[in-house]
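Structure record follows, encoded as structure tokens.
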Amino acid sequence: MEYHILGRSPQRSNMIGKSLSHYKIISKLGSGGMGDVYLAQDINLDREVALKILPAEMAADPKRLQRFEREARAVAALNHPNIVTLHSVEEADGLRFLTMERVVGEDLEKKIVPGGMAFKSFMDLARPLTEALCAAHEKGITHRDLKPANIMITEDGRVKVLDFGLAKLQETPGELEATDVQTQGLTQEGTIMGTVPYMSPEQLQGRAVDHRSDIFSLGVIFYQLLTGKRPFVGEASVDIISAILRDTPRPVTEINVSLPNHLGRIVRRCLNKDTNDRYQTARDLLNDLKDLKEEVSKSEEQAINSVGVLPFANMSPDPEQEYFCEGIAEELINGLGRLKNLRVASRTSAFKFKGSDHDIREIGKYLNVDKVVEGSVRKAGNRVRITVQLINVQDGYRLWSERYDRKLEDIFAIQDEIAERIIQALEVTLSPKERRSIQNVATRDVEAYDFYLRGRKYFYEFDRRNWEMARQMFERAIKLDPSYALAYAAIADCWSFLFMYSGSSERERQLAGDASRKALELDPDLAEAHASRGMVLSLGEDHGEAAEHFEKAIHLNPKLYEAYYFYARASVAEGNSLKAARLFEQAIDARPDDYQAPLLLPQVYSRLQREEDAARSQREGIEKALRHIEMNPNDVRALYLCGGALAQSGEVERGLELVDRAVTIAPEEPGLLYNAACAYSILGRTDEALEHLERAVRAGYSHKAWLENDSDFDPIREHPRFEAILESII
């Protein structure tokens, strides 16, 4: 299809074959609100142009025409490869007309496919589209009618945006285009005007429009390209308008699961209803797209392998050996998770299926993986038998299986062999650095390793008693192997958690510091050690040095969830909400099923006045937390974080029921009492909030910097009792 314009206007079929000035009319291309469009030959320059004859009512209005010509000159000054060039505004034989670059190709509508396009194909269109907006906006020109019909893809694949600025030129003085289109869209039931589905809320409401309206329209186009459907739909224009003004569309990454999560956030930000919550400039949007392009490696743009490692079944006579079986699976998850070309489901997700009899296809669908590893362990005396198999999710076919009957001292060799065979079966190519990381064993002492696995089992239970038990297990590990850097980092984490959540003294923070320093002394390239060190330093408010260690951890292991999560928490304590938001988002990317980051992120978004993002993150966090609670009904952290979020979202009784359940399970847990206070503060129940906060401090809560920056306490921040609580924390 050639140059294509949608709309209605009086026909001028008698123009074919005639001449206007030095333009010979060849054929009619289409009609639009600005008039009829013709293909014409420029006799003087010997080139084809698109010639648009303006409506008679515009040409007859001197003020409107003067304004039109002034603004058309500004549009004509645009010189960008992705914007159709406006050559001239001319008059001949009593007709006013525009001449424009002639574009041969098809409009963007033809590129929209069911289910949405792949990431790479999308980026090939999104970047030039956004660059065109940048060029125009930076010249002070807003499109105001951006839609697929106004975007052409040339025969050689170049993007060309049509009619830049012309929508504004159609207005009569003092007239708002949005009001006109909104009225037209409402007059005929069942008639959907071409522009309405792509209009911003402020256009539909007849409010002032600026370049951020284009960003909303571009977000609608992005959504349609990525999913194959528009974000706001309805049977009639009035239904579509209502959806644009009120509804939050389903995330693009839920519809097209092959897309990176960060792209979903980019589209969502474009579609924010409040202009202040959108990208403030097209340049900001373009920068995010460029950053995303760099983050997504070539292998990730293609369909890389994905695998879930289920907890290995305990076939030992001793049920206490559960920790060992889980540890074998966890080590596989951690080792395989370091590989750039392999996506591995998180421990939290995979371990939900412990002891379940779910069909392998159900498990694969839930984990969003192509392959699943499952196995069993029988440990007796100094012997161990491990059976493991790799299964294709689609058809249940066993791709590889093996049984290892060895001495316990061979456990590290067995783990290496299992990882190597899985990698071979998946046909994953390793770099030399990745191969070294797979073969790098933290300890060769089997008994020390055994105590480390016991410690990890306790650590994940998330309460003071279990952190104390975990620390004791890790300390027994380092007594057996004083060079066990990973165990030292784990000890540091235990002390830090006790300091943060259980009100331990300054001594605990110092001990965390000692352990983290020792871990780095033993292994300067251990990502976990840098993350632990960063957390300890942030607790002492040494944010500069903490940031260096967090950045180093991320550099060493870009998939390490803890590095992003603790860095985000440190940024909250520092008062840097913009940085905290970005890091919490990256934590979610690293562990998509985790409930903590999406439940902490809303207060950061609120500080940035991104209320739509806050509400969306809260909904997602609640869904994830409820799934987690279903599998782990006594997890007090999940209970109180989810309960507070539910109460804040309007489900007060249900939310407080979860909070009270958590308090019943652990009535003296400082972190729990603190978060219960958050829930009551949000609900405006001042006395209960202050009572729980005072109980938290009496129980030992001492993280003053977090309390000072926690927006949950904004409703009671000026209360004398709150000020007294702050002063009581040294």
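A DSSP coil position with no more than 10 other Cβ atoms inside 10 Å describes none of the trypsin sites (Lys or Arg not before Pro) in region 300-388. Could you state, as a whole-number percent, how many of the C-alpha pairs of the chain are farther apart than 41 Å? The calculated P(r) of the chain puts 42 percent of pairs beyond 41 Å.
Under 5 Å from the amide H of VAL103 lie the amide H atoms of TYR3, each residue being 5 or more positions distant or on a separate chain, with H modelled from the backbone and absent for Pro and chain starts. On C-alpha positions alone, give me the angle between the axis of helix 446-459 and the longest principal axis of the chain, in degrees, nearest 10. Here the helix axis deviates by roughly 60 degrees. Our coupling estimate for region 697-702, obtained by passing each phi through the Karplus curve with A = 6.51, B = -1.76, C = 1.60 and θ = phi - 60°, is 5, 5, 6, x, 4, 9 Hz, Gly and Pro reported as x.
Simple rule: put +1 on each Lys or Arg Cβ and -1 on each Asp or Glu Cβ in the chain, find the dipole, and look at TYR198, PHE713, ALA492; the Cα lying farthest toward the positive end is TYR198. Determine the shape class of region 594-730: with a ≥ b ≥ c the square roots of the Cα gyration tensor eigenvalues, call it rounded for a/c under 1.5, and otherwise prolate if a/b is greater than b/c, oblate otherwise. Oblate is the answer for region 594-730, as a/c is 1.5 or above yet b/c matches or exceeds a/b. Remark: region 408-423, residue by residue, has Karplus-estimated 3J(HN,Hα) of 4, 5, 8, 4, 5, 5, 4, 4, 4, 5, 4, 4, 5, 5, 4, 4 Hz, where x stands for each Gly or Pro and the curve is 6.51 cos²θ - 1.76 cosθ + 1.60 at θ = phi - 60°. Considering only ALA563, LEU537, LEU259, and ranking their Cα positions along the charge dipole of the chain that arises from unit charges at the beta-carbon of Lys, Arg, Asp and Glu, the one farthest toward the positive end is LEU259.
Assign one of three labels to region 437-551, namely rounded, prolate or oblate, based on the Cα gyration tensor with a ≥ b ≥ c the square roots of its eigenvalues; rounded applies when a/c is under 1.5, prolate when it is not and a/b is larger than b/c, and oblate otherwise. Present the calculation step by step, with values, prior to reporting the outcome.
Numbers: a/c = 2.00, a/b = 1.18, b/c = 1.69.
Verdict is oblate for region 437-551.
For ASP36, the residues 5 or more places off, or on other chains, whose built amide H falls under 5 Å of its own are ILE53. Beta bridges per DSSP, both residues in region 305-439: antiparallel share near 70 percent. With the dipole of the chain worked out from charges on the C-beta (+1 for Lys and Arg, -1 for Asp and Glu) around the Cα centre, which of HIS211, PRO598, PRO319 lies farthest toward the positive end? The residue sitting most towards the positive pole is HIS211. Helix 322-337 and the longest principal axis of the C-alpha atoms of the chain enclose an angle of approximately 40°.
Against the main long axis of the alpha-carbon atoms of the chain, helix 670-682 sits at an angle near 30°. Ellipsoid fit via the Cα gyration tensor, region 13-103: semi-axes of 19, 18, 12 Å, each the root of five times an eigenvalue, largest first. Within a straight-line Cα-Cα reach of under 22 Å, LYS518 can be paired with the following lysines, leaving aside sequence neighbours fewer than 8 residues apart in one chain: LYS479, LYS552.
By the rule of a C-alpha distance below 14 Å, with chain neighbours fewer than 8 residues away ignored, the aspartates and glutamates paired with LYS379 are ASP318, GLU320, GLU322, GLU326, ASP405, GLU409, ASP410, GLU447, ASP450.
Any read-out appearing in this document is the output of simple, stated calculations on the displayed coordinates, not a laboratory observation. Bear in mind the structure is a predicted one, so any value in this text is a computation, not a measurement. When we count neighbours, we look across all protein chains shown, and the Cβ atoms used for this are built from the backbone with ideal geometry, even at glycine.
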